[in-house]
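Have a look at the structure below, then the notes.
The values are calculated or read from the model by the stated rules, or taken from the named source; none is laboratory data. Here the structure is a predicted model, which means the values were calculated and not measured. Neighbour counts run over all protein chains shown; Cβ positions are idealised from the backbone, glycine included. Surface accessibility is based on the protein's heavy atoms, side chains included, excluding ligands, DNA and RNA. Shrake-Rupley method; radii C 1.70, N 1.55, O 1.52, S 1.80 Å.
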Amino acid sequence: SAPFLCSTTMLRCFSIGVLNRGLEMWMSVLVAVAVVVLVVKRFLGEPLVARDLLVPPAVLVAVGGYAVVRAGPVSVREVAWVAGSALAGLALGAVRGGTVRLFVRNGALWQRYSGWTVVAWVASAAVGAGLSWLAVRGGVRAEVRPVTLSVGVSLLGELVALGGKAWIRAAATV
């Protein structure tokens with residue numbers, strides 16, 4: 001991961017590699033826990049607040065984007081894969097956002113995931129796994145396809161769909 005540091009001593013190179021893998025593992029665990037908490041909250045129902053919709057995907061996209069940049073020079077194939085998977089993630093997130101129920105509670109707009117949202121999450125995961133399989137077969141390095149980026153872009157697609165639904169609902173009540 002840091003070739004210029006690896007030239008000094010083999011032990012230092014090994015320990016940096018182990019440290020990076022350990023940090024990546026903990027980041028994956030933290031992202032998984034955060035996504036589970038987010039999904040559970042949305043299944044229980046929560047107020048539709050722009051900050052709550054924007055911060056999780058923005059953080060995940062930033063972390064994933066940093067991982068791609070940190071991966072070093074990327075090939076044209078890898079850039080094409082990142083762009084294509086981002087478009088697929090946006091589309092799948094928008095479909096998932098279309099399954100979310102919006103309702104008014106105590107004068108505020110709330111959101112709640114539905115059974116169809118589960119189907120959309122499962123379909124998104126299946127498509128993501130398929131794209132990942134194709135990426136491996138096509139020689140796209142794992143460092144250029146972080147899960148954080150995929151999940152973040154998908155949540156951005158959901159945000160766009162929910163924002164559109166909320167705007168249409170607000171316009172209809174005026």
Revision key, fill the gap. If we ask which residues in the range 26-48 are of a type in the set (Val, Ile, Thr) and either open to solvent by 60 Å² or more (accessible area, probe 1.4 Å) or modelled with pLDDT of 90 or more (or both), their number turns out to be 5
Exercise for review: Can you tell me which residue among Ser154, Ser75 is out of contact with any Lys or Arg (no Cβ under 7 Å at 6 or more places or on another chain) and surrounded by fewer than 17 Cβ atoms within 10 Å (Cβ to Cβ)?
Suggested key: Ser75
Practice item. Within the range 68-80, identify whether any single residue is closer than 20 Å to Ala34 by Cβ and assigned to a helix (DSSP H, G or I), and answer yes or no. Key: yes
Practice item. List the number of the failed condition for Leu109; all other conditions in (1) over 29 Å from Trp26 (Cα atoms); (2) at pLDDT below 90; (3) surrounded by 13 or more Cβ atoms within 10 Å (Cβ to Cβ) hold. Key: (2)
Check your understanding: If Gly139 satisfies every condition in (1) open to solvent by 30 Å² or more (accessible area, probe 1.4 Å); (2) out of contact with any Leu (no Cβ under 9 Å at 6 or more places or on another chain); (3) in a helix (DSSP H, G or I) but one, which is the exception?
Key -> (3)
Revision key, fill the gap. Those residues of the range 89-106 which are open to solvent by 30 Å² or more (accessible area, probe 1.4 Å) and assigned to a helix (DSSP H, G or I) amount to Leu90, Ala91, Leu92, Ala94, Val95, Gly98
Exercise for review: Provide a single number: the residues in the range 36-67 that are touching a Pro at 6+ places or on another chain (Cβ under 7 Å) and not small (Gly, Ala, Ser).
Suggested key: 1
Practice item. Could you give me the residue pairs with C-beta distances under 7 Å whose first residue belongs to the range 110-121 and is without any contact (Cβ under 8 Å) to a residue 40 or more places away in the chain, whose second residue is open to solvent by 60 Å² or more (accessible area, probe 1.4 Å) and assigned to a helix (DSSP H, G or I) wherever it lies, and which are 6+ apart or on separate chains? Key: Ala120/Val95
Point to revise | Test result for Ala161, surrounded by 13 or more Cβ atoms within 10 Å (Cβ to Cβ), more than 19 Å from Ala32 (Cα to Cα) and under 18 Å from the mean Cα position of the chain (by Cα) | key: yes
